[in-house]
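Report on the structure given below.
The values are calculated or read from the model by the stated rules, or taken from the named source; none is laboratory data. Treat the numbers as computed from the prediction; the structure is a model and nothing was measured. Heads up, the Cβs are rebuilt from the backbone with ideal geometry, glycines too, and the neighbour counts pull from every protein chain shown.
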Amino acid sequence: MWVVAEIVNLGRSSARIDLTMNNTRFVCTAVLTFAIIWSGISFWSWAEEAPQSVKVLVTYHSLSGNTERMAEAVVDGAKTVPGTEVLLKRVGQVTAEDLFSSDAVIVGSPVYWSNMSGEVKTFFDNWQFKFGVFPDFKMKNKVGAAFATGGQISSGKEITMLTILAAMLGNQMIVVSGGGAFGASATTEGDSPGIDNKELADAKVLGRRVADIAKLIRAASSQ
């Protein structure tokens, strides 16, 4: 009887061991499956939430260096937006590829006789006669913005920015402001020689807002 009892107990122990091993296998399989599914979900979520990449072209004309300083501040502001690539060029160096590959274009000009400089006007003229932007409206739905520098408070900075924005609107771009009602601007003579920190901060605000809007438009168009 003792032998039989031991054999029965041994059988029960083996059954318990097999059951325990089966349970262990089941748990391990379940954990592994969950880990695989979760990693897939995490990767998908990361891919969905990855920041949209946008390209911002900042271009300008400058003789004294004031508009160039503003341009550099605009670049600094745009770069604070994750996933933003910024290209800084003088207007005479911009190519058709620079324009067409950009998601946003920010143009800066000094005030010449209450308007944009001749170099900036030639830049816009080149859109049609050199780069072939029109009549296909190749800049359509890209973001546009402006900044300007002028010697005096009432030297025509707002008119200069409005003429830049008007050229962009004529090409069916989406224009935005920032750092001011029509864009960022700076007074460089008289009681405000050079460019102060407030004006540089306004330029950075403009750059950041343009990059933000460009990302929103890129995200919406990709859906």
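Among the residues making up segment 108-156, those that are under 24 Å from residue 78 (Cα atoms), β-branched (Val, Ile, Thr) and out of contact with any His (no Cβ under 9 Å at 6 or more places or on another chain) are 111, 143, 149.
Please work out if residue 177 is over 25 Å from residue 55 (Cβ atoms), without any contact (Cβ under 8 Å) to a residue 40 or more places away in the chain and not acidic (Asp, Glu). Spell out how you get there, then give the answer.
Working: over 25 Å from residue 55 (Cβ atoms): no; without any contact (Cβ under 8 Å) to a residue 40 or more places away in the chain: yes; not acidic (Asp, Glu): yes.
No.
Can residue 68 be described as within 23 Å of residue 212 (Cβ to Cβ), in the same structural domain as residue 187 (by TED's automatic domain parsing) and surrounded by fewer than 23 Cβ atoms within 10 Å (Cβ to Cβ)? Considered against the rule, which asks whether it is within 23 Å of residue 212 (Cβ to Cβ), in the same structural domain as residue 187 (by TED's automatic domain parsing) and surrounded by fewer than 23 Cβ atoms within 10 Å (Cβ to Cβ), residue 68 comes out as no.
Does residue 96 satisfy being among the hydrophobic types (A, V, I, L, M, F, W, C), at pLDDT below 50 and farther than 21 Å from residue 178 by Cα?
When the stated conditions are applied, residue 96 does not pass them.
Quick check on my filter: what residues within segment 182-193 are surrounded by 14 or more Cβ atoms within 10 Å (Cβ to Cβ) and either in a loop (DSSP other than H, G, I, E, B) or not polar (S, T, N, Q) (or both)? Of everything in segment 182-193, those that are surrounded by 14 or more Cβ atoms within 10 Å (Cβ to Cβ) and either in a loop (DSSP other than H, G, I, E, B) or not polar (S, T, N, Q) (or both) turn out to be 182, 183, 184, 186, 188, 189, 192.
Just give me the residues in segment 63-120 being assigned to a strand (DSSP E or B) and of a type in the set (Ser, Thr, Tyr), in sequence order. Outline the logic, then answer.
Our first condition is that a residue be assigned to a strand (DSSP E or B); within segment 63-120, this holds for 84-90, 104-110.
Result: 84, 109.
Within segment 121-140, being outside any loop (DSSP other than H, G, I, E, B) and either at pLDDT 95 or above or not assigned by TED's automatic domain parsing to the domain that holds residue 162 (or both) holds for 121, 122, 123, 124, 125, 126, 127. If the condition is being under 22 Å from residue 161 (Cβ atoms) and either without any contact (Cβ under 8 Å) to a residue 12 or more places away in the chain or surrounded by 22 or more Cβ atoms within 10 Å (Cβ to Cβ) (or both), then segment 95-108 contributes 102, 103, 104, 105, 106, 107, 108. Restricting attention to segment 66-93, the residues being free of Cβ contacts under 8 Å to residues at least 40 places away in the same chain and touching a Pro at 6+ places or on another chain (Cβ under 6 Å) number 1.
A quick yes/no check of all residues on (1) assigned to a helix (DSSP H, G or I); (2) of a type in the set (D, E, K, R); (3) in the same structural domain as residue 63 (by TED's automatic domain parsing):
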site: 149; (1), (2), (3): no, no, yes
site: 155; (1), (2), (3): no, no, yes
site: 158; (1), (2), (3): yes, yes, yes
site: 164; (1), (2), (3): yes, no, yes
site: 180; (1), (2), (3): no, no, yes
site: 199; (1), (2), (3): yes, yes, yes
site: 205; (1), (2), (3): yes, no, yes
site: 212; (1), (2), (3): yes, yes, yes
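The condition (being surrounded by fewer than 19 Cβ atoms within 10 Å (Cβ to Cβ), of a type in the set (Phe, Trp, Tyr) and closer than 22 Å to residue 187 by Cβ) is satisfied by just one residue among 60, 112: 112.
Every residue, every condition in (1) modelled with pLDDT of 95 or more; (2) farther than 24 Å from residue 85 by Cβ; (3) out of contact with any Leu (no Cβ under 9 Å at 6 or more places or on another chain), yes or no:
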residue	(1), (2), (3)
142	yes, no, no
149	yes, yes, yes
155	no, yes, yes
159	yes, yes, yes
164	yes, no, yes
168	yes, no, yes
185	yes, yes, yes
192	no, yes, yes
203	yes, no, yes
